[in-house]
């Protein structure tokens, strides 16, 4: 999804792309499409009080982009957020999982795309960062569901089918939550809490959830610096040149500077900091941008999940997306080369194996 500027009735307006499946959330507002033949924005009117499923299907199948004014979208955000919270509260079925994905992407889109400043700059404000933290917190709530593993897997599988830029960040967040849920389950199965510890169980759970929130936020923010990278590089359907790749590497420092500028709390947090600064570093010193060999736990784990997610979803003209087992084989070679911690890969392999068994 993208933002654009356009003159309608002589007024210079900024517009944001919306998911066709969510068009009825904006049915009482001006909705525009890019004209398939002539280009440019034209009004798209509902035949009755809302857009019919047939019309939504037409837009989706034809790949026709749908836009609303950015100001209208911001006013409608609270309604989208309320609906997301309602769906995430469970129980979650296949249909709800699709809407969870659509609502999440629409809300995250404003953060990732809407933050881009005019060419040559980038910005994030504290209000927007707080919103993205709320979305991460809503997802952490899934860990409290009785069927948390199944719910997370269902949403994960739906998101895997969407290859938008920010889908990677959302999917990495889902992966970290699935990883954490597996860790918690294995721990609960092995440990029986003594009575004196059970008395403080609520406090222990609260501290654990706070850690989970930081992991989820670190995962969804790990690539935030890409809002400062030109679209022609982010969306290039080819291998980048050496010079272009050096520019791409700059997203790590861009991201860190943005977070540090608006949030002293997050910039001091080791999980968020490690996720952003270390997710491309490798234990053998071959990573970037600083070729470190001493990495934070967050940098190691989110770096591994970041690679796995990219390998399994990032289909390019010069290579196909890997299957989960092919991705694990690639990562195993990296482990043997000293790039990743073998224990982390073993736990990821257990997660993938459980998917195939199920």
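The values are calculated or read from the model by the stated rules, or taken from the named source; none is laboratory data. These figures come from a predicted structure and were not determined experimentally. Quick reminder, even Gly has a Cβ in these numbers, built from the backbone with ideal geometry, and neighbours come from all protein chains shown.
The residues on offer are 332, 345, 328, and the sole one that is more than 23 Å from residue 173 (Cβ to Cβ), assigned by TED's automatic domain parsing to the domain that holds residue 173, at pLDDT 95 or above and outside any loop (DSSP other than H, G, I, E, B) is 332.
Yes/no matrix, rows are residues, columns are (1) in a helix (DSSP H, G or I); (2) at pLDDT 85 or above; (3) under 21 Å from residue 181 (Cα atoms):
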| position | (1), (2), (3) |
| --- | --- |
| 101 | yes, yes, yes |
| 111 | yes, no, no |
| 114 | no, no, no |
| 118 | no, no, no |
| 139 | yes, yes, yes |
| 155 | yes, yes, yes |
| 164 | no, no, no |
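A residue that is more than 20 Å from the chain's Cα centre (by Cα) and surrounded by fewer than 20 Cβ atoms within 10 Å (Cβ to Cβ) cannot be found anywhere in region 300-315.
Let's see how each residue does on (1) crowded, with 18+ Cβ neighbours inside 10 Å; (2) modelled with pLDDT under 90; (3) over 24 Å from the mean Cα position of the chain (by Cα); (4) closer than 30 Å to residue 145 by Cβ:
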{"site": "30", "(1), (2), (3), (4)": "no, no, yes, no"}
{"site": "40", "(1), (2), (3), (4)": "no, yes, yes, no"}
{"site": "48", "(1), (2), (3), (4)": "no, yes, yes, no"}
{"site": "52", "(1), (2), (3), (4)": "no, no, yes, no"}
{"site": "63", "(1), (2), (3), (4)": "no, yes, no, no"}
{"site": "80", "(1), (2), (3), (4)": "yes, no, no, yes"}
{"site": "92", "(1), (2), (3), (4)": "yes, no, no, yes"}
{"site": "97", "(1), (2), (3), (4)": "yes, no, no, yes"}
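If you check residue 57 against the conditions, is it touching a strand residue (DSSP E or B) at 6+ places or on another chain (Cβ under 9 Å), part of a helix (DSSP H, G or I) and not assigned by TED's automatic domain parsing to the domain that holds residue 101? Spelling it out, it is not the case that residue 57 is touching a strand residue (DSSP E or B) at 6+ places or on another chain (Cβ under 9 Å), part of a helix (DSSP H, G or I) and not assigned by TED's automatic domain parsing to the domain that holds residue 101. Looking for something in the same structural domain as residue 303 (by TED's automatic domain parsing), surrounded by 12 or more Cβ atoms within 10 Å (Cβ to Cβ), more than 19 Å from the chain's Cα centre (by Cα) and at pLDDT 70 or above - is there at least one such residue anywhere in region 185-193? The answer is yes; a qualifying residue exists.
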